[in-house]
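Below is one structure, written out as structure tokens; comments come after it.
Where a number appears in this text, it was derived from the coordinates with a stated rule and is not lab data. Everything numeric in this text was worked out from a predicted model, so none of it was measured. Cβ coordinates were reconstructed from backbone atoms using ideal geometry, including for glycine residues, and neighbour counts include every protein chain displayed.
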Amino acid sequence: MTRALKASMLALSLLVGAAPPVTASERITLMVGGIDKIIYLPVKLAEQLGYFTSEGLDVELRSEWSGIHGVDVLLVGSVQGVVGFYDHAIYMQSKGKAVMSVIQFAQAPGEVELVSTRLPGPVRSMADLKDRALGVTGLGSSTQFLSRYLVLSSGLKLNQVSFVPVGTGDSFIEAMNKGTIHAGMTTEPTASRMINAGQARVLVDLRTPEDTAKALGGPYPAACLYMQTAWVNRHKPEVQKLVNALVKALRYIQSHTASEIAAQVPAAFYAGDRATYIKALASSKPIFIPDGRMPMNGPAHVLKVLSRTEKSLQGKTIDLKSTFTLEFVNAVK
């Protein structure tokens, strides 16, 4: 475990103290790595459509600008689950922490590497970003995992670029427009906002399963709800209810138009441009998994990607079967 992660966990533990076990009647708190991101839409829909309430749950959603902070608060027990990327379950096992995905939302990252239109010279691939600053949501985030892999795959070394944590949404846009970063990885609707404004263009697209396979060599199941394994084992009835509600939300996405879905989320999610949000949502729908099941060959490929970039995984044996479970999605009626 890195010194920074240890320090973060210690600080959080001093703030929250020893978190008591949650009973069925108590509030369940989920941290979301950017609640207005389209990739995390199912959890907000489940709240907006009353699916959590209909399951008898009191669920609080908290938003954080980077999923890596969700990992920290999960491990110290101040939240019961994190809506983030599945790759953290693999990564944390290499650190000796047992975390598992209980439902898989997306079969592709839904991310895109953008390059600033202000950057001089031709930029046709990641290799052309040598000596440039690349934006990621946070250091140790899934966007950094993926960015590191794309850099190495282009033939560059990791020390030939710099990674700058800039968050998401308006903060990402501001960082690129100010020149703090020259390129960066973000998600929808931020990507479409910048592209439509002529501020950036697509360099590497991970917004569809097909583009993801092309860029990463295979599938990369991403957005999910992951929880500490010990908590899951102690609270199976509550986890089942959570999964029931979230599968209903995934089914809603499949059975409704982008315009109908957009009508169910807060207007703030549109960032002032409802038409762009709806268009981005329509193009994003194929990444969502209707039944919440982990793709069969997804975990092995995620491990392959991470093993190339993350030293903590190299030379270690990872038990992929313990990083996710189908128990709860299989029980949904």
### Query
Per-residue ellipticity at 222 nm for the chain, helices alone: DSSP H runs ≥ 4 residues times -39500 (n - 2.57), over residue total, nearest 500 deg cm²/dmol?
-11500 deg cm²/dmol
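Measure up Lys214/Lys304; Lys97/Lys316; Lys214/Lys248 against 20 Å on the Cα-Cα distance and list the ones that go over.
Beyond 20 Å: Lys214/Lys248.
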### Between helix 236-255 and the chain: long-axis angle, C-alpha atoms, 0 to 90°, nearest 10
50 degrees
### Mean separation of Cα contacts under 8 Å, 6 or more apart, over the residue count of region 111-206: relative contact order %
48 percent
### Query
Modelled label-to-label distance, Lys97 and Val164, 7 Å Cα→beta-carbon offset: nm?
2.8 nm
### Task
Determine, for Phe105, Phe269, Phe163, the number of other Cβ atoms within 10 Å of each Cβ, and report the residues in order from fewest to most.
Phe269, Phe163, Phe105
### Query
From the square roots a ≥ b ≥ c of the eigenvalues of the alpha-carbon gyration tensor of region 271-333, which class results: rounded (a/c under 1.5), prolate (a/b over b/c), or oblate?
oblate
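Exposure proxy check: Tyr220, Tyr40 ranked by fewest other beta carbons within 10 Å?
Details: Tyr220 30, Tyr40 25.
Listed from fewest to most nearby Cβ atoms, that is Tyr40, Tyr220.
Could you pull out the pairs from Lys44/Lys333; Lys44/Lys236; Lys130/Lys279; Lys95/Lys321; Lys44/Lys279 whose alpha carbons sit more than 26 Å apart here?
On the way: Lys44/Lys333 21 Å; Lys44/Lys236 22 Å; Lys130/Lys279 33 Å; Lys95/Lys321 17 Å; Lys44/Lys279 19 Å.
Over 26 Å Cα-Cα: Lys130/Lys279.
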### Task
Take the alpha-carbon centre of region 80-117, take the same for region 197-251, and report the distance between them in whole Å.
7 Å
### Task
May I ask you to evaluate 6.51 cos²θ - 1.76 cosθ + 1.60, the Karplus curve with θ = phi - 60°, for each residue of region 130-141 and list the ³J(HN,Hα) values in order in whole Hz, giving x for glycine and proline?
4, 6, 9, 9, 10, x, 9, 5, x, 6, x, 7
#### Entry: Prolate/oblate/rounded call for region 36-98, Cα gyration tensor, a/c under 1.5 rounded
prolate
### Query
Using unit Cβ charges (K, R positive; D, E negative) and no other charged atoms, how large, in debye to the nearest 20, is the dipole of the chain about its Cα centre?
700 debye
### Summary
The exposure ranking of His235, His88, His256, fewest beta-carbon neighbours within 10 Å first, is His256, His235, His88
